[in-house]
1. Search segment 60-69 for residues being over 17 Å from A102 (Cα atoms) and buried (at least 18 other Cβ atoms within 10 Å of the Cβ), and hand back the single one that is farthest from the ligand (Cβ to nearest atom).
2. Any residue at all in segment 189-201 that's under 28 Å from A120 (Cβ atoms), within 16 Å of the ligand (Cβ to nearest atom) and part of a strand (DSSP E or B)?
3. Applying the selection to segment 125-156, what residues are without any contact (Cβ under 8 Å) to a residue 40 or more places away in the chain, outside any helix (DSSP H, G or I), farther than 20 Å from N39 by Cβ and away from the ligand (no atom under 16 Å from the Cβ)?
4. Between M232, M186, M218, which is within 24 Å of E267 (Cβ to Cβ) and in the same structural domain as L142 (by TED's automatic domain parsing)?
5. Between G159, G170, G165, which is more than 12 Å from the ligand (Cβ to nearest atom), modelled with pLDDT of 95 or more, touching a Leu at 6+ places or on another chain (Cβ under 8 Å) and open to solvent by 20 Å² or more (accessible area, probe 1.4 Å)?
6. For segment 70-95, which residues satisfy the criterion of being more than 16 Å from the ligand (Cβ to nearest atom) and open to solvent by 60 Å² or more (accessible area, probe 1.4 Å)?
7. If I ask for residues that are free of Cβ contacts under 8 Å to residues at least 40 places away in the same chain and either surrounded by fewer than 21 Cβ atoms within 10 Å (Cβ to Cβ) or assigned to a helix (DSSP H, G or I) (or both), which ones from segment 173-188 would you list?
8. Could you list, in sequence order, all residues of segment 69-93 that are in a loop (DSSP other than H, G, I, E, B) and either at pLDDT below 95 or touching a Gly at 6+ places or on another chain (Cβ under 6 Å) (or both)?
Amino acid sequence: MGWNSWNKFKSQVDDRVIRETADAMAKNGMKAAGYVYVNIDDTWEGKRDASGNIQTNKKFPNMKALADYVHSKGLKIGIYSSPGPQTCAHYEGSYGHEEQDARTYAAWGIDYLKYDWCSAGKIYPDDRNTLQAVYQKMGDALHSTGRPIVFSLCEYGRGAVWEWGPDVGGNLWRTTGDISDSWDSMSKIGFHQSNLAKWAGPGHWNDPDMLEIGNGGMTNTEYRTHMSLWAMLAAPLLAGNDLRTVSPEILRILTNRDVIAIDQDREGKQAVRTWKSGEQEVWTRPLANGDHAVAFFNRAAEPAKINVAWQDLGISKAPKHARNLWLHKNVKLHGAQYLTEVPGHGVQLLRVSE
Ligand code: GLA
């Protein structure tokens, strides 16, 4: 859990944005709710010095001092690179300098690396073995530094990365192309993850990309669906909005403890779609204490009724207790069937128990 600069700031991220974001996260309840990483995405990179050491550009005058600052807030700091000669935004990549860059990140005090394929496709063939070897190289380099650094594989799901991501030291891997701040983009990505469930587990996760919550392109109902879906998917929760100006309503969505508890459940089992009829779907996720998280999604624009039998949702014994995790209210249950109405593009997220 954390934050990443890309979705909101793109190339406008700088030292000040990172410091102010860390300040905000430490104070606004996000750190207390479990958000830890403050991640700098693309565009921090400068040129290499005469010995090949990567330098920052003028937006980041002193990366070590910045890392110290973020650490002083009780948070961790992430950075970004590419196995290609250039990053996606055409800044300096790590090609030919993998070990050296890993040592530099460790010396700066970096805790997280997002490693983005980008121009690597111009150097290497785009097949599974090559992808695996390229990511292994940086995985080994990070490991050799002796510093624990979360390794985020970003190659948009090429070469069935979920099958080998953990082997190269990956802690998370993107399963798709880039998300954007629209219902269309978010829902297309989120609702297409069911088949990947079995690859997620403690320490290594499917990553359907960063959150767009609070960036303005969706309604709050849609943002609650976004948050619920990512929690059901056991997805990394990397906020992507401006935390310096975040509204109380968006903060409530990002810091809903009951929803975060689903996302972070220690069993680490990702939800699967257990029921679908037209544009209505139900997803079920087993939890460590024997409860189930059940999400009733309505992908249509108009409100819709959903009427299901618990048995059809992969829950063999009809639950006796249910809590609505957005309304923070208990829900009355009536035996084997459950009938509810869900707003357009909305969700009803329940935690149910026997
Ligand atoms: C790719 C990644 C994005 C972001 C940009 C930065 O598109 O998928 O998440 O990191 O590069 O250039």
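The values are calculated or read from the model by the stated rules, or taken from the named source; none is laboratory data. What you see is a predicted model; the values in this text were computed from it and never measured. Cβ coordinates were reconstructed from backbone atoms using ideal geometry, including for glycine residues, and neighbour counts include every protein chain displayed. Calculation scope for accessible area: heavy atoms of the full protein, side chains included, ligands and nucleic acids excluded. Shrake-Rupley method; radii C 1.70, N 1.55, O 1.52, S 1.80 Å.
1. So, considering only residues that are over 17 Å from A102 (Cα atoms) and buried (at least 18 other Cβ atoms within 10 Å of the Cβ), the one farthest from the ligand (Cβ to nearest atom) is Y69.
2. no
3. The answer is P125, D127.
4. After applying the criteria, what remains is M232.
5. None of the others qualify; the one that does is G159.
6. Those that are more than 16 Å from the ligand (Cβ to nearest atom) and open to solvent by 60 Å² or more (accessible area, probe 1.4 Å): H71, S72, K73, K76.
7. The answer is T176, G177, D178, S180, S182, D184, S185, K188.
8. S82, G84, P85, T87, G93, listed by residue number.
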